[in-house]
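J.: What follows is a single structure, and I will ask about it in a moment.
The values are calculated or read from the model by the stated rules, or taken from the named source; none is laboratory data. Quantities reported herein were computed from a predicted structural model and do not represent experimental measurements. Methodologically, a virtual Cβ is constructed for each residue, glycine included, from the backbone with ideal geometry; neighbour enumeration extends over all protein chains shown. For the accessible areas, the whole protein counts, side chains as well, though only heavy atoms, and no ligand, DNA or RNA atoms are used. Shrake-Rupley method; radii C 1.70, N 1.55, O 1.52, S 1.80 Å.
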Amino acid sequence: MKLAIHGGEPARRKPLPPNYPGAVMMGEEEAGAAGGVLLSKSPFRYYGINHPHTVRHFESRMASDLNMPFVLGTTSCTASLITAMKAVGIGWGDKVAVPAVTFQATAGAVLCCGAVPVYVDVDNSLNMDPDQLEKILDEEVRAIIPVHLLGSPCNMDGIMHVSQKFGIPVIEDVAQSCGARYENKYCGTIGNIGVFSFQLNKLITSGEGGAVVTRDKYLFERVVRYHDQGLFRETERYGMNIDDNETAFAGQNYRMSELTGAVLVEQWKKLGHINSITKAARDRMVLDLGEECDNITFRFSHDRDGELGAYLGIVMPTVKEADFMVEALKAENISAYIQYAGKPVYMNPQLFHMRTAERANSPYDYPFKHPIVPCAELSMPVASGLLPRTVFVSVSPLLTEQDTLEMTRGISKVYKYLIA
Ligand SMILES: *Cc1c(COP(=O)(O)O)cnc(C)c1O
């Protein structure tokens, strides 16, 4: 069959729906909830005229669904990362382990805390490799941030083993994997703290927004204080007996607004549905592609059942074939992409040039006992070898059965052309 990129008939007539799972499911529910906050004239979370307590409802709902005692809404996942790191005490003179493949927020948040990111190569799931993690550790690394990339859980057994062996806390970055599980535990509930994003490009969304989850009462107090000017306002809600004169410290303002809370209460109700329909569509496509395409290789998963369905990764033998596949699939009206242009996160200019906003005493200027390896000298063979060969196809919650059949047809057409 002639490929569309060569002038043939495309596998689909129309482009696929945009890949914003939460946003495409938005409707009257979110509009009504947000409107209700405005009509109540109380858009601030801690007090108001006729207070709707939407943020509190959202936190309680998320906490009970994740089976966690403490959840805090914030303004973003970046704010949540910074808050979580400050809760464990990260600052000037510390190093924090981050994966070589992630969005720049993970490493950027470390620098904004005054610490320096040290990069860890990934395993064949494209997530932080626990063996490589152990290799880069020294006594100056004081937190580990594994990132569950594009719906797929990290090898958390391996990472928690290293964490416990060396006594270093784990902050799970769940921005891209809300609802994913590892061995029947929700991502974000396995390490010491989990952080979530509700920005537009994530599973569910309020445009901007984030959350911090933990089981640890001591860390939670510090999370709340850092996110709210050093205050802890809801002692009675948590039954906490704490004394500002003993534990308060200077903080930020990363408070979630009631408008955001209202939207997220409704989006959270849709998360299970979004994840179950995308997973069914993904599973169907994986099954059909496996039958039609000899030796097709999907992105490795540490928990196939707990992985989300929204992102399907196909590993091609070479970068050239992967690049061709992306272009050829676009011509078939199937959106496909290479995540982060196939590059490790430290290739982004702000990280690569090791630049921060400070006039003096940049985090990089600290006289580390074990000096920081300049980004230009880093070598991450798995990240640089595997990421640019992995073609991701978006699986939208709006796909019809016809859509998934056409996607399978288009992918197998291009695959067979390349791998004859
Ligand atoms: C999007 C993203 C973030 C940042 O989330 P914001 O809510 O936009 O601050 C952090 N980490 C990862 C892995 C992300 O994908």
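J.: Within the stretch 46-76, take every residue that is out of contact with any helix residue (DSSP H, G or I) (no Cβ under 9 Å at 6 or more places or on another chain) and of a type in the set (Gly, Ala, Ser) and give me the one that is surrounded by the fewest Cβ atoms within 10 Å (Cβ to Cβ).
T.: Here the residue is 64.
J.: State all residues of the stretch 18-45 that are closer than 13 Å to residue 264 by Cβ, in contact with a Leu (Cβ under 8 Å, 6 or more places away or on another chain) and open to solvent by 60 Å² or more (accessible area, probe 1.4 Å); if no residue qualifies, say none.
T.: Listed by number, the list is empty, since nothing qualifies.
J.: If I filter the stretch 310-324 down to residues being open to solvent by 20 Å² or more (accessible area, probe 1.4 Å) and in a helix (DSSP H, G or I), which single residue comes out as nearest to residue 201 (Cα to Cα)?
T.: Within the stretch 310-324, the match that is nearest to residue 201 (Cα to Cα) is 323.
J.: Condition check: at positive phi and at pLDDT 95 or above. Does residue 209 satisfy that?
T.: So residue 209 fits the description; yes.
J.: Can you find even one residue in the stretch 77-91 that is charged (D, E, K, R), without any contact (Cβ under 8 Å) to a residue 40 or more places away in the chain and either open to solvent by 10 Å² or more (accessible area, probe 1.4 Å) or over 30 Å from residue 394 (Cα atoms) (or both)?
T.: No, every residue in the stretch 77-91 fails to be charged (D, E, K, R), without any contact (Cβ under 8 Å) to a residue 40 or more places away in the chain and either open to solvent by 10 Å² or more (accessible area, probe 1.4 Å) or over 30 Å from residue 394 (Cα atoms) (or both).
A quick yes/no check of all residues on (1) of a type in the set (Val, Ile, Thr); (2) modelled with pLDDT of 95 or more; (3) open to solvent by 20 Å² or more (accessible area, probe 1.4 Å); (4) over 21 Å from residue 145 (Cα atoms):
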| residue | (1), (2), (3), (4) |
| --- | --- |
| 297 | yes, yes, yes, yes |
| 305 | no, yes, yes, yes |
| 337 | no, yes, yes, yes |
| 340 | no, yes, yes, no |
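J.: Go through (1) away from the ligand (no atom under 12 Å from the Cβ); (2) closer than 26 Å to residue 310 by Cβ and name the single condition residue 202 misses.
T.: Tallying (1) away from the ligand (no atom under 12 Å from the Cβ); (2) closer than 26 Å to residue 310 by Cβ, residue 202 fails exactly one: (1).
J.: Here are 158, 191: which of them is part of a helix (DSSP H, G or I) and under 25 Å from residue 305 (Cβ atoms)? Break it down stepwise before answering.
T.: Numbers: 191 fails: part of a helix (DSSP H, G or I).
Residue meeting the stated conditions: 158.
J.: Same structure, new question: Looking at 162, 195, 170, 147, can you tell me which residue is away from the ligand (no atom under 16 Å from the Cβ) and in contact with a helix residue (DSSP H, G or I) (Cβ under 8 Å, 6 or more places away or on another chain)?
T.: Going through 162, 195, 170, 147 in turn, just one is away from the ligand (no atom under 16 Å from the Cβ) and in contact with a helix residue (DSSP H, G or I) (Cβ under 8 Å, 6 or more places away or on another chain): 162.
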